[in-house]
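Notes follow the structure.
Any read-out appearing in this document is the output of simple, stated calculations on the displayed coordinates, not a laboratory observation. Quick caveat: nothing in here was measured; it's all calculated off a predicted structure. FYI the Cβ positions are ideal-geometry reconstructions off the backbone, even for glycines, and counts take in every protein chain you see.
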Amino acid sequence: MSANGLPLWVTIPGTLLLLAGGLLTLVGSLGLLRLPTFFARMHGPSMGNTLGAGCILIASMLVSSALLHRPILHELLITLFIAITAPVTAVLLMRAALQRSKAVARD
Amino acid sequence: MSVMNAVFDSAIWFAQLCLALAALFAMIRLLRGPRAQDRVLALDAFYINGMLSLLLLGMRSSSTVYVDISLLIALFGCVGSVALAKFLLRGEVIEP
């Protein structure tokens, strides 16, 4: 089976982080599906998905560090990319949506 | 020890289920979104969900190859989302 022989300092925080990450990502995407307007829908993925991605990436970092018996920090790169680029994408999309809704209102 | 390993396995299973549902929700919004910005936002959420489920697959199979694939997906997905948002904003991606 897959995760046999992982030490206890990986499995306990890993379980908590995986539960939190899965639920946060689910709530973020549910907000994307259910909220009424675009400007409300913006909040779900940009907060829930980023936090859930952080949780799951830390859990993956713990598992691969325990598997290779040395600290593995590759997942920090992914966290850094997401933490840098998610606000940039959100701001650009928000500005585009604002401009497009103004253009619709003007016509 | 082995009890905690079983609990960890079921936590991975639970997180995979949550991510599959989240990807399904993002896909419904992608197909149904009333305007273009909704679809771009849904695509942004969708590639993050795919990247995370690939990481969980790597944790399940005790392999470290999946991390590099996830890094590439994060990199190209962010470039694609910024390009689409810029196109919606200005009508061109790279301005002369």
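Computed over the alpha-carbon pairs of the protein assembly as shown, the distance histogram in 10 Å steps reads 9, 35, 30, 16, 7, 2, 0 percent, short to long.
What is the projected area of the convex hull of the Cα atoms of chain A, averaged over all directions, in nm²? All intermediate terms of the calculation are to be shown ahead of the outcome.
Numbers: hull surface 32.6 nm².
For chain A, the mean projected area of the Cα convex hull comes to 8.2 nm².
Charging the Cβ of each Asp and Glu at -1 and of each Lys and Arg at +1, and nothing else, the dipole of chain B about its Cα centre rounds to 300 debye. Largest GNM mean-square fluctuation across A:Met42, A:Met94, A:Met61, computed for chain A with C-alpha springs under 10 Å, falls on A:Met94.
Against the main long axis of the alpha-carbon atoms of chain B, helix B:36-60 sits at an angle near 20°.
Residue by residue through A:34-45, how many Cβ atoms from other chains fall within 10 Å of the Cβ on average? Write down the numbers at each step before the final one.
Numbers: counts 2, 1, 0, 2, 6, 1, 0, 7, 3, 0, 5, 10.
Mean inter-chain Cβ contacts per residue within 10 Å come to 3.
Look at the dipole of the protein assembly as shown built from charges on Cβ: of A:Leu76, A:Thr11, B:Leu17, the Cα furthest out on the positive end belongs to B:Leu17.
Note on region B:1-85: Cα convex hull, mean projected area over all directions, 5.9 nm². One Cα centroid belongs to region A:26-46, the other to region B:9-76; the line between them spans 16 Å.
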